[in-house]
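Please read the structure below before turning to the comments.
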There are 2 protein chains.
Amino acid sequence: MDTITPFQFSLVYNAFSFTFATMAATTLFLWLCRSQVAPAYRTAVTISGLVTAIAAYHYLRIFESWNASYTLQNGVIATTGFAFNDAYRYVDWLLTVPLLLIELVLVMRLSPEETSSKTLRLGTAAALMIILGYPGEIATDIPTRAIWGTLSSIPFVYIVWELFSGLGSSVASQPAAAQGLVRKARLLTFASWGFYPIVYMAPFAGLTGSTATTTIQLGYTIADIVAKAGVGILIYMISVRKSQVEKHDAPAYAERY
Amino acid sequence: MDTITPFQFSLVYNAFSFTFATMAATTLFLWLCRSQVAPAYRTAVTISGLVTAIAAYHYLRIFESWNASYTLQNGVIATTGFAFNDAYRYVDWLLTVPLLLIELVLVMRLSPEETSSKTLRLGTAAALMIILGYPGEIATDIPTRAIWGTLSSIPFVYIVWELFSGLGSSVASQPAAAQGLVRKARLLTFASWGFYPIVYMAPFAGLTGSTATTTIQLGYTIADIVAKAGVGILIYMISVRKSQVEKHDAPAYAERY
């Protein structure tokens with residue numbers, strides 16, 4: 001393991017602590033406010049909070065693992081011999097990425113059949129994408145990383161297609177007041193996800209050693225905050241907007257589960 | 001204790017952390033969503049969350065015990081001399097397996113007499129199955145393992161018979177919309193439980209040393225996720241489906257505890 005500068009160590013250290021606080025705070029906000037939305041949207045808001053709760057747990061573990069890997073004493077960084085456990089990220093994504101797609105489908109309030117089939121297909125594709133990415137992440141050579149990265153991008157392309165084409169007509173049938181927000185949530189999901197493959201490919205750009213480590217850790221951290229806390233808050237805003245519209249236009253429908 | 005490779009150590013380590021996160025997340029989901037089902041189903045959903053909460057606690061302990069048994073420093077694994085405490089699994093099952101059968105009976109909403117007698121009989125058989133399995137699990141020789149394994153399979157066969165024959169007519173009397181899901185929950189319980197005896201018999205297949213340890217730990221972990229988190233989510237889905245049907249067809253019955 002290459003040595004990191006004290007500045008790089010502190011930057012990543014503080015970023016991890018910041019992300020834990022952000023995820024935990026978003027969780028509490030979403031769960032405390034779930035009674036403010038109509039019953040039909042409570043599952044979407046609950047799952048959004050679940051995603052940030054799972055991320056908060058993993059950022060606590062990542063933070064501790066980072067601390068166990070290095071010691072900063074008298075302004076000098078030394079490695080302790082304990083490897084930084086990057087697998088926490090993949091373990092986290094295996095749980096949270098399918099749930100993120102499920103919250104996006106749930107907030108649209110489709111028919112029960114459509115909800116079941118979409119969540120099953122998108123959830124499976126998301127899990128497959130994460131599983132196929134991992135062998136590349138731990139590979140030490142570029143070709144292996146490239147092969148698994150390519151395989152992992154097949155379900156990714158399917159998810160993007162499903163979000164923009166398959167769910168396109170469902171977005172058009174959302175109430176006018178919420179349509180813009182639903183489009184924004186979909187775009188934010190896509191944009192933040194597009195960030196992961198870029199970080200994944202950092203070693204291809206010749207970024208190695210401590211600069212690569214710092215860039216990868218900060219990159220994944222920012223992407224996680226946008227994709228989980230950012231999208232979670234949007235899901236809540238969509239739920240509030242749709243609850244208001246439905247209560248006004250169709251009170252009986254608004255109260256239905 | 002035989003030595004494990006760094007890859008095997010990390011695999012089991014990450015699997016334990018993943019399982020803790022999965023169990024804790026499922027618990028929070030079930031408890032937050034219990035208000036979404038009719039009063040009659042809230043006990044089943046609460047107990048489903050209890051099962052995953054107990055499992056989350058034990059996986060945290062198992063994770064810590066695994067860490068205390070080995071150290072991975074500078075890419076080399078060393079045993080610390082502290083034995084990995086596998087008994088946590090049996091302690092967990094002694095509590096969770098009877099509760100799993102109770103949640104399955106409760107979600108069927110049988111008459112109070114039937115509910116009492118079924119939960120008592122199935123709960124006792126489940127506890128007996130776990131107690132009889134343990135002496136075999138800690139046995140160092142194959143014959144002792146085989147004897148206790150056989151004794152443990154007597155209550156197991158009784159449970160399977162009760163689930164498929166004794167509860168068969170109760171399944172047929174479930175509302176049509178929920179029947180498929182109830183059958184799925186019963187099958188998932190049976191299929192995931194069928195996995196435990198296979199893992200139990202791993203030493204018979206000549207699997208020894210670190211490969212046996214890794215296989216057994218991963219096998220039990222996957223079976224636990226399916227049997228507890230998977231069945232728990234199914235119980236919730238059955239409760240939602242039945243609440244909707246009853247609210248529509250028999251509103252007074254739906255509100256009854």
Label model pair A:D249, B:A252: point-to-point distance (7 angstrom along the Cα→beta-carbon line) in nm is 3.7 nm
Take the alpha carbon gyration tensor of the protein assembly as shown, find the square roots of its eigenvalues, order them as a ≥ b ≥ c, and report rounded if a/c is under 1.5; if not, report prolate when a/b exceeds b/c, else oblate. oblate
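Which order do A:T80, B:T3 take by accessible area at a 1.4 Å probe, largest first?
B:T3, A:T80
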Sites A:W161 and A:M237 - FRET efficiency at Förster radius 35 Å, r taken between beta-carbons, to 0.05: 0.85
How much length would be gained if the chain were fully extended between B:V226 and B:A212, taking 0.36 nm per residue of separation minus their Cα-Cα distance, in nm to one decimal? 2.9 nm
Would you mind listing the distances between the A:A68 label point and the same position in each other copy? Use 7 Å along Cα-to-C-beta, nm, one decimal, shortest first. 1.5
Row for the stretch B:2-139, column shape: gyration tensor on C-alpha, a ≥ b ≥ c, rounded if a/c < 1.5 i.e. under 1.5, prolate if a/b over b/c, else oblate; value oblate
Say each of B:N14 and A:F18 gets a label point 7 Å from the Cα, pointing the same way as Cα to Cβ; how far apart are those two points in nm? 2.7 nm
By the mean-Cβ-within-10 Å protection proxy, highest first, A:41-52, A:183-194 rank as A:41-52, A:183-194
Taking Cα pairs closer than 8 Å and at least 6 residues apart, the relative contact order of chain A in percent is 26 percent
If one takes the accessible area of chain A alone plus chain B alone and subtracts that of the pair, with a 1.4 Å probe, what total in Å², rounded to the nearest 100, results? 2000 Å²
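Just to verify a number: FRET efficiency for A:A25 and B:A146, C-beta to C-beta distance, R0 = 60 Å, to 0.05?
Numbers: r = 54 Å, r/R0 = 0.90.
The value I calculate is 0.65.
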Can you tell me how much longer the chain between B:T124 and B:A139 gets when fully stretched, taken as 0.36 nm per residue apart minus their C-alpha distance, in nm with one decimal? 3.0 nm
Quick one: if you stick a label point 7 Å off each Cα along the C-beta vector at A:Q73 and B:A172, how many nm between them? 7.4 nm
Using the Karplus equation 6.51 cos²θ - 1.76 cosθ + 1.60 (θ = phi - 60°), what ³J(HN,Hα) coupling, rounded to whole Hz, does each residue of the stretch B:93-105 give in order, writing x for Gly and Pro? 4, 4, 8, 7, 5, x, 5, 4, 5, 5, 5, 5, 5
Using only Cα atoms, locate the centre of the stretch A:169-218 and the centre of the stretch B:16-51, then give the distance between them in Å, rounded to an integer. 31 Å
With Cα coordinates, the longest principal axis of chain A makes an angle with the long axis of helix A:231-249, in degrees rounded to 10, of 10 degrees
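With a 1.4 Å probe and every protein chain left in place, work out the accessible area per residue of the protein assembly as shown in Å², rounded to a whole number.
Per residue, the protein assembly as shown has an accessible area of 43 Å².
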Rounded to a whole %, the carbon-and-sulfur portion of the accessible area of the stretch B:1-145 at a 1.4 Å probe is 67 percent
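The values are calculated or read from the model by the stated rules, or taken from the named source; none is laboratory data. It should be emphasised that the depicted structure is a prediction, and the values quoted were computed from it without experimental measurement. We place every Cβ from the backbone using ideal geometry, glycine too, and count neighbours over all the protein chains shown. Surface accessibility is based on the protein's heavy atoms, side chains included, excluding ligands, DNA and RNA. Shrake-Rupley method; radii C 1.70, N 1.55, O 1.52, S 1.80 Å.
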